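Participant: Handing you this structure, nothing more for now.
The values are calculated or read from the model by the stated rules, or taken from the named source; none is laboratory data. Predicted model only: the values in this text are computed from it and were never measured. Note that each Cβ is placed from the backbone with ideal geometry, even for glycine, and that neighbours are counted across all protein chains shown.
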Amino acid sequence: MLSRRQLLTGTAAAAGLAVACQRRSRTGRVVATIVAAVPGRDGAGVALRRSLGSRALPLLDPFLMLDEIHSAEPADYEAGFPTHPHRGFETVSYVLRGGFAHADSVGNHGLIADGGAQWMTAGRGIVHSEMPQPTATREVWGLQLWVNLPAARKMIAPRYQDLGAAAIPTIDVADARVRVVAGAVGRARGPVDGIDVAPTMLDVTVPAGATFALALPGGHAACAYVLDGAVALGATGAAVNAGQLAVLTPGDELRATSATGGRCLVLAAAPIGEPVARRGPFVMTTEAELDQAVADYRAGRLAA
Ligand code: CO
């Protein structure tokens, strides 16, 4: 017969085993909602497709906006995004083809080239321009993502993380090819660092017939935007087509497959859980802070 002490030890060991098993079994995310990107124009008249930040999906905390620009018609993009301000959040540019020339009012400038990214923390304010640079076949294909900052961090100093294509690790997960811009997949870690919401940003290419699973931080808000082809996402294999964004339920694993091949951007980050007040290029917590941002911009205080 077991003593009480042995019984307790046995129970504790069994409980420990149960915890270990729970840790090993992953909770699969499934598709909660699918939102179609809405065509529109922004900047000085750039044609784009907005998925996040549209009327159907105004916010996926902490993600504020996702725009795709894709055209081989100069009239769709050549007006660009001339000088404009930002305050209170981060803008992320990711170039799939062509490039974006970037310049700000304090002399920072550069080209975000094919396969590269720029993670720009606007913080207390920047004034900049972003001008599309087409390929030899006049094509421009890029994304702009807006990521919020917590209220206590909205007025930090601006910061740029400029990432050339070579800085972004590319790894194979089963048959899928994954570019890790931010976050970690296995031992591959994206070059973006020190961002409050601990983002994951992956560019995933899924060949026809491929099936794979990615680990994602369980409590993070997550979505996948299909850039090309079609991808079946989550345990239920919901079909998501190019130009559609799938919001994912909580869970620590994303399964995906594709019958005909596809490519998607996978985003995940910790929700901030604070009020969001937005007006054009400013994202703050209150209307009064927005009024202050407008006044500061008009007084030239964002450009220094
Ligand atoms: Co901008």
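Participant: Given the residues Gly262, Gly234, which is the only one that is touching a residue at least 60 places away in the same chain (Cβ under 8 Å) and either within 16 Å of Ala176 (Cα to Cα) or polar (S, T, N, Q) (or both)?
Facilitator: Unique residue meeting the criteria: Gly234.
Participant: Can you confirm whether the stretch 135-149 contains a residue that is within 16 Å of the ligand (Cβ to nearest atom) and among the polar types (S, T, N, Q)?
Facilitator: Checking the stretch 135-149: at least one residue is within 16 Å of the ligand (Cβ to nearest atom) and among the polar types (S, T, N, Q).
Participant: Please state which one of Ala242, Ala224 is modelled with pLDDT of 95 or more, over 30 Å from Pro82 (Cβ atoms) and surrounded by 18 or more Cβ atoms within 10 Å (Cβ to Cβ).
Facilitator: That would be Ala224, the only listed residue that is modelled with pLDDT of 95 or more, over 30 Å from Pro82 (Cβ atoms) and surrounded by 18 or more Cβ atoms within 10 Å (Cβ to Cβ).
Table: residues versus (1) part of a strand (DSSP E or B); (2) more than 17 Å from the chain's Cα centre (by Cα).
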residue: Ser129; (1), (2): yes, yes
residue: Pro132; (1), (2): yes, yes
residue: Thr137; (1), (2): no, yes
residue: Asp172; (1), (2): yes, yes
residue: Arg177; (1), (2): yes, yes
residue: Val181; (1), (2): yes, no
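Participant: Out of all the residues in the stretch 31-47, which are in contact (Cβ under 8 Å) with a residue 24 or more places away in the chain and either basic (Lys, Arg) or within 16 Å of the ligand (Cβ to nearest atom) (or both)?
Facilitator: Asp42, Gly43, Ala44, Gly45, Val46
Participant: Are any residues in the stretch 119-134 out of contact with any helix residue (DSSP H, G or I) (no Cβ under 7 Å at 6 or more places or on another chain) and within 14 Å of the ligand (Cβ to nearest atom), and if so, which ones?
Facilitator: Matches in the stretch 119-134: Trp119, Met120, Thr121, Ala122, Gly123, Ile126, Val127, His128, Ser129, Glu130, Met131.
Participant: Please go through the stretch 54-66 and give me each residue that is surrounded by fewer than 22 Cβ atoms within 10 Å (Cβ to Cβ) and of a type outside the set (A, V, I, L, M), ordered by number.
Facilitator: Matches in the stretch 54-66: Ser54, Arg55, Pro58, Asp61.
Participant: Something else: Going by the structure shown, is Gly116 touching a Leu at 6+ places or on another chain (Cβ under 9 Å), at positive phi and away from the ligand (no atom under 12 Å from the Cβ)?
Facilitator: Criteria not met by Gly116.
Participant: For the stretch 80-112, give me each residue that is hydrophobic (A, V, I, L, M, F, W, C) and more than 14 Å from the ligand (Cβ to nearest atom).
Facilitator: Scanning the stretch 80-112 gives Val95, Leu96, Val106, Leu111.
Participant: Any chance you could count how many residues in the stretch 266-304 are exposed (fewer than 15 other Cβ atoms within 10 Å of the Cβ) and among the polar types (S, T, N, Q)?
Facilitator: The qualifying residues number 1.
Participant: Find all pairs meeting these conditions: Cβ atoms under 8 angstrom apart; at least six residues apart or on different chains; first residue within the stretch 75-86 and of a type in the set (A, V, I, L, M); second residue within 15 Å of the ligand (Cβ to nearest atom) and in a strand (DSSP E or B).
Facilitator: Sorted first by the residue in the stretch 75-86, then by its partner, the pairs are Ala79/Val46.
Participant: Just one of Val283, Val240, Val266 is part of a strand (DSSP E or B), within 16 Å of the ligand (Cβ to nearest atom) and out of contact with any Cys (no Cβ under 7 Å at 6 or more places or on another chain); which is it?
Facilitator: Val283
Participant: Just one of Ala152, Ala122, Ala166 is crowded, with 23+ Cβ neighbours inside 10 Å and free of Cβ contacts under 8 Å to residues at least 60 places away in the same chain; which is it?
Facilitator: Ala122
Participant: Tell me whether the stretch 197-211 contains one or more residues that are assigned to a strand (DSSP E or B) and small (Gly, Ala, Ser).
Facilitator: no
Participant: Looking only at the stretch 67-79, count how many residues are within 14 Å of the ligand (Cβ to nearest atom) and either in contact with a helix residue (DSSP H, G or I) (Cβ under 7 Å, 6 or more places away or on another chain) or part of a helix (DSSP H, G or I) (or both).
Facilitator: 1
Participant: Hey, among Gly142, Gly115, which residue is under 28 Å from Glu78 (Cβ atoms), within 18 Å of the chain's Cα centre (by Cα), touching a residue at least 12 places away in the same chain (Cβ under 8 Å) and not in a strand (DSSP E or B)?
Facilitator: Sole residue among the options that is under 28 Å from Glu78 (Cβ atoms), within 18 Å of the chain's Cα centre (by Cα), touching a residue at least 12 places away in the same chain (Cβ under 8 Å) and not in a strand (DSSP E or B): Gly115.
Participant: Let me ask you something else. Among residues belonging to the stretch 152-188 that are under 18 Å from Ala198 (Cβ atoms), touching a Gly at 6+ places or on another chain (Cβ under 9 Å) and small (Gly, Ala, Ser), point out the one that is farthest from the ligand (Cβ to nearest atom).
Facilitator: This residue is Ala184.
Participant: Can I ask one more? Name the residue, out of Thr211, Thr200, that is of a type in the set (Val, Ile, Thr) and more than 14 Å from the chain's Cα centre (by Cα).
Facilitator: Selected residue: Thr211, the only one of Thr211, Thr200 that is of a type in the set (Val, Ile, Thr) and more than 14 Å from the chain's Cα centre (by Cα).
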